[in-house]
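**Student:** The structure's right below; bear with me while I get my questions together.
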Amino acid sequence: MIFTKKELFSHIVCIGLSVLLVYLLGYPQRFDRILLTYFSLIFLARFTFFRFLLGLLFVIAALYFPIGFYYGSPNVAVVSAVAETDIDEIQEFCSQLPLYFYFIPLLLVISFILFFKKFQFPKIGNYYVIAIALLICIYRPVKGVIKYQPTTLTRITTTVLDNFKYPFFEFCLDLYSSVKIYLTEKQEQLKQLQQTNTIPIVSVNPQHKTYVVIIGESVRKDYMSAYGFKYSNTPFTDNNASLIWDGLIAPASNTQSSIPHLISQSSYLDNREVNAQLNNNIIAIANDAGFETYWLSNQGKLGRMEITVPRITAYSKNIFYTKKGEYNGKSSHGKYDTLLLPELDSLLTQQHDKPKLIVMHLIGSHPHFCKRLQFDVQFDLNNKNVSCYVSSIKETDDLIKSTVEILKKHNEDYSLVYFADHGLSHTEQYQDLRHNWEYQNSFQVPLIFFDSDKTNQVKINKQISGYQFVYLLSHWMGIQLNVQHDYMQYDLTDIPEQKNIQIKDWKNKLYPFNNLKKDPNPF
């Protein structure tokens, strides 16, 4: 088969378009994805209907590009973020994008419209080429069926669909399956929340009168001086923590997936899936154990559509939100984590015979970092975004210091723990940090304790999982649960290191932590 120069050029253009499409939709470049897209262009695009359809799909890919660039192909994290946000959050997400992210999709949309209107696609009538195309289409699905040997029609269909790597088809299937998983999980959560704690409590013997849990946001431990970062952005923690634990692996790389597993029991369906048993959360357990419970949040609660964490918050006997109707919109402007401190001060003036559990949920270092800062940027790393990120961690350290000072002011016998829901990974050639499940650093978070009876600081370097972390928190509070787990069987400093830790990816599947890529801190 001999091509003219014009025909050869048109084939090269189609291959280039195929590579571009895979990139725009957030999929890894693979030979079969590119080739299947290429074949669809050279076989179908010369027909008016398919030319219009393919052009429309390319336009959709161009519009999806900003999401695909940062968060990959459609997944549960993307769907939940879109479903559980408001117009102000969308505006904030858009404000974080570099300027060229507005021009590139617009330029691509215009280019695709003109291209599919004017370009003369090559015509193929060679039956050998058609046969090769068909063989490539069915090769992976047939291989998958042979390898996994599904025994039912449903499993055969699922295997075929999972192995058919045609980007347009994958995009629609991933979007559909992600929405289905999200809705199913949300419905299951709503059912769970009609229940109370079902974990039997064996005994209650708190060693302190007040327990404080501070949940940080988007903090990877290697950006804290407490974990060796060269800029002193956690001076209070460095000198006053009773225990600095190096090794906590967060369950997931985004808030709505991670926190439910950190503070609720995790229920494993098999070695690939795990769900959070929301009714068995630390608040519900503390209530059953006779604690007075408080939840102070600077993350807010959506009005029309509750998100997962506020569903858990609802178990608390006393709830305070700095933002009454939205998570991060216009009403959040100027509302910093320090607004939780007067409420903490006020509740500690109340006299209770019961022990107290106080949870403080921070906005912390959530992107966009510079908007999180209450005060001026305190560090100069020759990079605005990273400088703000490091400074936001310093402000969290200052907040922990103020929290401890308030506890001391009220002569509280306390124990305080600080941990973050997840970390972040670098993007834009280390110019920014974003959510990304593919790197270990997105899961390596701080775990730090402060105690009123502190003597010497202890440092522990053991890798432990954020799954079933609710058992560790319960044991720390002196609540003995009827479960068999290292977190319940051992004192805090004696917990053995855990092997083969898994995390949840953006398809809601378990994935080995050790198989993730590394994203070292260049600063």
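The values are calculated or read from the model by the stated rules, or taken from the named source; none is laboratory data. Predicted model only: the values in this text are computed from it and were never measured. Every residue, glycine as well, gets a Cβ built from its backbone with ideal geometry; the counts of neighbours run over all protein chains shown.
**Student:** For residues that are surrounded by fewer than 23 Cβ atoms within 10 Å (Cβ to Cβ) and either without any contact (Cβ under 8 Å) to a residue 40 or more places away in the chain or assigned to a loop (DSSP other than H, G, I, E, B) (or both), tally how many sit in the stretch 240-275.
**Tutor:** The qualifying residues number 8.
**Student:** Regarding V160, is this residue among the hydrophobic types (A, V, I, L, M, F, W, C) and modelled with pLDDT under 65?
**Tutor:** yes
**Student:** Let me spell it out: the conditions are (1) part of a loop (DSSP other than H, G, I, E, B); (2) within 14 Å of T293 (Cα to Cα), and L344 meets all of them except one. Which number is the exception?
**Tutor:** (1)
**Student:** Also, quick follow-up: With the structure loaded, tell me whether K118 is among the charged types (D, E, K, R), at pLDDT 70 or above and within 30 Å of S258 (Cα to Cα) or whether it fails that test.
**Tutor:** no
**Student:** With the structure loaded, tell me whether E405 is surrounded by fewer than 16 Cβ atoms within 10 Å (Cβ to Cβ), modelled with pLDDT of 95 or more, in a helix (DSSP H, G or I) and not assigned by TED's automatic domain parsing to the domain that holds P74 or whether it fails that test.
**Tutor:** yes
**Student:** Still on this model: For residues that are of a type in the set (D, E, K, R) and touching a Lys or Arg at 6+ places or on another chain (Cβ under 7 Å), scanning just the stretch 6-32, find the one that is surrounded by the most Cβ atoms within 10 Å (Cβ to Cβ).
**Tutor:** Once the filter is applied, the top-ranked residue is D32.
**Student:** Can I ask one more? Can you tell which of A250, A289, A284 is under 25 Å from K401 (Cβ atoms), among the aliphatic types (A, V, I, L, M) and at pLDDT 90 or above?
**Tutor:** Result of the check over A250, A289, A284: A250.
**Student:** Here is a follow-up. Any residue that is on the phi > 0 side of the Ramachandran plot, out of contact with any Ser or Thr (no Cβ under 8 Å at 6 or more places or on another chain) and either at pLDDT 95 or above or part of a loop (DSSP other than H, G, I, E, B) (or both) - is there at least one of those in the stretch 388-397?
**Tutor:** No: zero hits.
**Student:** Of all residues in the stretch 242-273, which are within 15 Å of the chain's Cα centre (by Cα) and of a type in the set (A, V, I, L, M)?
**Tutor:** Within the stretch 242-273, I249, A250, A252, I259, L262 meet the criteria.
**Student:** Quick one: what pairs do we get from the stretch 55-82, first residue over 19 Å from Y102 (Cβ atoms) and assigned to a loop (DSSP other than H, G, I, E, B), second at pLDDT 80 or above and of a type in the set (A, V, I, L, M, F, W, C), C-beta under 7 Å, 6+ apart or different chains?
**Tutor:** Going by the 7 Å Cβ cut-off, the qualifying pairs are G72/W506; S73/L25; S73/F171; P74/F171; P74/L175; N75/W506.
**Student:** Hey, another quick one. Look through the stretch 17-54, keep the residues that are assigned to a helix (DSSP H, G or I) and charged (D, E, K, R), and return whichever of them is nearest to the chain's Cα centre (by Cα).
**Tutor:** By that ranking, first place goes to R33.
**Student:** Considering each of F3, F43, F50, F65 in turn, give the residue that is surrounded by 14 or more Cβ atoms within 10 Å (Cβ to Cβ) and either touching an Asp or Glu at 6+ places or on another chain (Cβ under 6 Å) or modelled with pLDDT under 85 (or both).
**Tutor:** F43
**Student:** Say whether the condition of being modelled with pLDDT under 65, part of a loop (DSSP other than H, G, I, E, B) and not aromatic (F, W, Y) is met by at least one residue in the stretch 85-102.
**Tutor:** yes
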